[in-house]
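S.K.: My structure is below; once you've seen it, I'll send some questions.
The values are calculated or read from the model by the stated rules, or taken from the named source; none is laboratory data. Predicted, not measured: the structure shown is a model, and the values here were computed from it. Glycine gets a Cβ as well: all are built from the backbone with ideal geometry, and neighbour counts include every protein chain shown. These accessible areas exclude ligands, DNA and RNA; they are computed on the full protein's heavy atoms, side chains included. Shrake-Rupley method; radii C 1.70, N 1.55, O 1.52, S 1.80 Å.
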Amino acid sequence: MLDQNWTGSSTKPSPRLYPHQWSWDSAFVAIGNRFDRLDRAIVELETLFTAQWSNGMIPHIVFDASVAGYHPSKEWWDSPSADAAPASVWTSGMCQPPVHALAVQRLAEVDPVRVDLARCVEHLEAWHDYLFERRVLSDGLVEIWHPWESGMDNSPLWDSALADLERTHVPDYQRVDTEHAGAEERPTESDYDGYAILVDQLRQGGYEPSSVDALGFRVHDVLFNACLAHAEMVLAQLLERLGEPASRHRERAQALVDAMERHLWDNERFWFFDRDAATGAVIPTPAATGAVALIAELSDDVFSRAVQTLGAEFLIERSDGATVLPTVAPSDPSFEPRRYWRGPAWINVTWLTALGLGARGEDELAASLRAGILELTDGAGMREYFDPHTGDGLGGDDFSWTAALVLDVLEDANL
Ligand code: 2M8
């Protein structure tokens, strides 16, 4: 399936629904391809790095010029109009969670010679610097400026910010996603209007807003910040392997974890919550972003309390010690088990959570999540997401990161 989704320079997340290259998808795909297709995994990351903006941003979509049929199209983003965009390729004008250092690390573990670590590290440093220098505007936390930047597009986490958006002018656009996946499993029309308005605003500012007033959406997202804290530690290790100074990355990782624990941790609900960066208001939805926070080097007390909440409020037991992680706590009124990022189980979120648990000795829980990944995909195939109660496969077919991370889980289990 990954062979079939390979274009020669990157892997489509799903052949019809997502026919270009996506940033965090490519990182997960490279992780899965590293065992039997290392050359391809290396090229996957190189293609993405080639599209990096001069300000360091790794764009969330790199367009395949030969493919039409995705909204928003490359013309809609109009990246050539932005000063920092690359000349060689059209891209979107926003980013996705920084999981690329992890991918580079995993590839280098397989073959430290074939992976050009020094070059990869240069790209990673520029990318992380962009996030710290341009996206930290208050309280030491990185901001996302569009729901798409979270990777969890229509999570209920964004409902209130999208509801507050000025909607006097909605740009014209044509959705194509509902031709390839059930409308009841995708974002609503109102969600899409909000996404379109926000892209319009960002494009008008060349994707580098001159002031926060130009931003209609600013969120301190737990998943994004946790991924960056983790990625900074990984980058430090990679630099040390190269014999280069790494302390500034360790310091930034620690400062980010401190800021997360200070501003996003709720010491009564024992969970991390996103926050509206414009108003400072906590977004009280219990989401799986808090589970992914376990990959950051949290303090012991916060880690163990979050693990308890994970077990008590999120995990759904399935057969044979396998558990499934829904993207929203099932007891929350916003939970919808079949609609995209509003409840279904996603393999990448589950895999990252298992990674965080395993790194701190929670082996049994990590193994139960990995077993859940195998059970879901064994039952329903390499789907985009899964109903966490029934295990039904939902959204796109032949979904690349699902297959790639299954390969990783199988390798881990030595099956
Ligand atoms: C989804 O996002 C795109 C927009 O970027 C879409 O809905 O069209 C998300 O699930 C995102 O996390 C993912 O990277 C992308 C491609 O799989 O699809």
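S.K.: Of all trypsin sites (Lys or Arg not before Pro) in region 252-352, which ones are in loop regions per DSSP and have a Cβ with at most 15 other Cβ atoms within 10 Å?
M.R.: On the way: sites: ARG252, ARG262, ARG269, ARG275, ARG305, ARG318, ARG338, ARG339, ARG342; in loops: ARG269, ARG318, ARG338, ARG339.
Taking region 252-352 and a limit of 15 other Cβ atoms within 10 Å, the loop trypsin sites (Lys or Arg not before Pro) found are ARG269.
S.K.: Taking the Cα centre of the chain as origin and charging only Cβ (+1 Lys, Arg; -1 Asp, Glu), how large is the dipole, in debye to the nearest 20?
M.R.: Computed charge dipole of the chain: roughly 420 debye.
S.K.: Rounded to whole Å, give me the distance from the Cα center of region 338-369 to that of region 175-242.
M.R.: Between the Cα centre of region 338-369 and that of region 175-242, the gap is 21 Å.
S.K.: Out of the trypsin sites (Lys or Arg not before Pro) in region 52-157, which ones are loop residues according to DSSP with at most 11 other C-beta atoms within 10 Å?
M.R.: none
S.K.: Just for the chain, what percent of DSSP beta bridges are antiparallel, to the closest 5?
M.R.: Once the DSSP bridges in the chain are tallied, antiparallel ones form about 100 percent.
S.K.: Could you bin all the Cα-Cα distances of region 359-415 into 5 Å bins starting at 0 and give me the percent of pairs in each, rounded to whole numbers?
M.R.: 4, 19, 28, 23, 15, 8, 2
S.K.: Roll a 1.4 Å probe over the protein chains and send me the accessible area per residue for region 8-139 in Å².
M.R.: Per-residue value: 34 Å².
S.K.: If you average the sequence gap of Cα pairs under 8 Å that are 6 or more apart and divide by the length of the chain, what percent do you get for the contact order?
M.R.: Relative contact order, the chain: 16 percent.
S.K.: Quick one: the Cα spread of the chain along its three principal axes, in angstroms, biggest first?
M.R.: Between the extreme Cα coordinates on each principal axis of the chain lie 52, 51, 42 Å.
S.K.: Roughly what would the spin-label model give for GLU109 and GLU189, points 7 Å off Cα along C-beta, in nm?
M.R.: Distance between label points: 4.8 nm.
S.K.: May I ask which residue of THR289, ALA278, GLY321 lies farthest towards the positive end of the charge dipole of region 277-415, with charges of +1 (Lys, Arg) and -1 (Asp, Glu) on Cβ and the Cα centre as origin?
M.R.: Going by the charge dipole, the pick is ALA278.
S.K.: For TRP76, what is the net charge nearby, where nearby means another residue's Cβ is under 13 Å from its Cβ and Lys, Arg count +1, Asp, Glu -1?
M.R.: Charge balance in the 13 Å sphere: -1.
S.K.: What whole-number value in Å² describes the accessible area per residue of region 201-245 for a 1.4 Å probe?
M.R.: Using a 1.4 Å probe on heavy atoms only, each residue of region 201-245 averages 37 Å².
S.K.: If you take the beta carbon distance between ALA118 and ASP39 as r and set R0 to 25 Å, what does 1/(1 + (r/R0)^6) give as a FRET efficiency, to the nearest 0.05? Kindly include the intermediate steps, with their values, before the conclusion.
M.R.: On the way: r = 19 Å, r/R0 = 0.74.
That pair, ALA118 with ASP39, gives E of 0.85.
S.K.: How big is region 89-159 in terms of Cα radius of gyration and Dmax, in angstroms?
M.R.: Cα-based Rg and Dmax for region 89-159 come out at 14.9, 47 Å.
S.K.: Once a ≥ b ≥ c are taken as the square roots of the eigenvalues of the Cα gyration tensor of region 32-134, is the result rounded (a/c under 1.5), prolate (a/b larger than b/c) or oblate (a/b not larger than b/c)?
M.R.: Cα axes put region 32-134 in the oblate bin.
S.K.: All other residues with a Cβ under 13 Å from the Cβ of PRO337 taken together, and with Lys, Arg as +1 and Asp, Glu as -1, what is their net charge?
M.R.: Residues close to PRO337 contribute a combined charge of -3.
S.K.: Placing +1 on the Cβ of each Lys and Arg and -1 on the Cβ of each Asp and Glu in region 1-113, which of TYR18, PRO97, ASN55 has its Cα farthest towards the positive end of the resulting dipole?
M.R.: So the residue we want is TYR18.
S.K.: Which percent of the accessible heavy-atom area of the chain goes to carbon and sulfur, probe 1.4 angstrom?
M.R.: Working: 7000 of 15270 Å².
Ligands and nucleic acids excluded, carbon and sulfur reach 46 percent.
S.K.: Provide the per residue accessible area, probe 1.4 Å, for region 314-415, rounded to a whole number of square angstrom.
M.R.: With all protein chains present, region 314-415 gives 35 Å² per residue.
S.K.: Connecting C-alpha atoms closer than 10 Å in a GNM of the chain, tell me which of SER73, SER138, SER26 has the biggest fluctuation.
M.R.: Maximum fluctuation in the GNM of the chain, among the listed residues, is at SER138.
S.K.: Something else now. Counting helices only, and only those DSSP H runs with n ≥ 4, report the 222 nm mean residue ellipticity of the chain as the sum of -39,500 (n - 2.57) divided by its residues, in deg cm²/dmol to the nearest 500. Could the numbers behind the result be given before it?
M.R.: Values: 16 runs with 181 residues, N = 415.
It comes out at -13500 deg cm²/dmol, rounded to the nearest 500.
S.K.: Shifting gears a bit: If I model a spin label at ALA87 and ARG241 as a point 7 Å from the Cα along the Cα→Cβ vector, what separation in nanometres do I get?
M.R.: Each label point is offset 7 Å from its Cα along the Cβ direction, giving 3.4 nm.
S.K.: Farthest toward the dipole's positive end in region 299-415, which of LEU365, ASN348, PHE335, given Cβ charges of +1 (Lys, Arg) and -1 (Asp, Glu) about the Cα centre?
M.R.: Positive-most Cα among the choices belongs to PHE335.
S.K.: How would region 57-189 be classified by its alpha-carbon gyration tensor: rounded, prolate or oblate, with rounded meaning a/c under 1.5 and the a/b versus b/c comparison settling the rest?
M.R.: On the way: a/c = 1.75, a/b = 1.47, b/c = 1.19.
Taking the square roots of the gyration eigenvalues as a ≥ b ≥ c, region 57-189 is prolate.
S.K.: Another question, if that's okay. Looking only at ALA126, ALA87, ALA108, which one moves most when the chain is put into a Gaussian network model with springs between Cα atoms under 10 Å?
M.R.: Highest fluctuation of the listed residues: ALA87.
S.K.: Please identify every one of the GluC sites (Glu not before Pro) in region 91-169 that sits in a loop by DSSP and has no more than 13 other beta carbons within 10 Å of its own beta carbon.
M.R.: Those satisfying the criteria are GLU166.
S.K.: Hey, another quick one. Divide, for region 310-415, the radius of gyration over alpha carbons by 2.2 N^0.38 Å, where N is the residue count.
M.R.: 0.97
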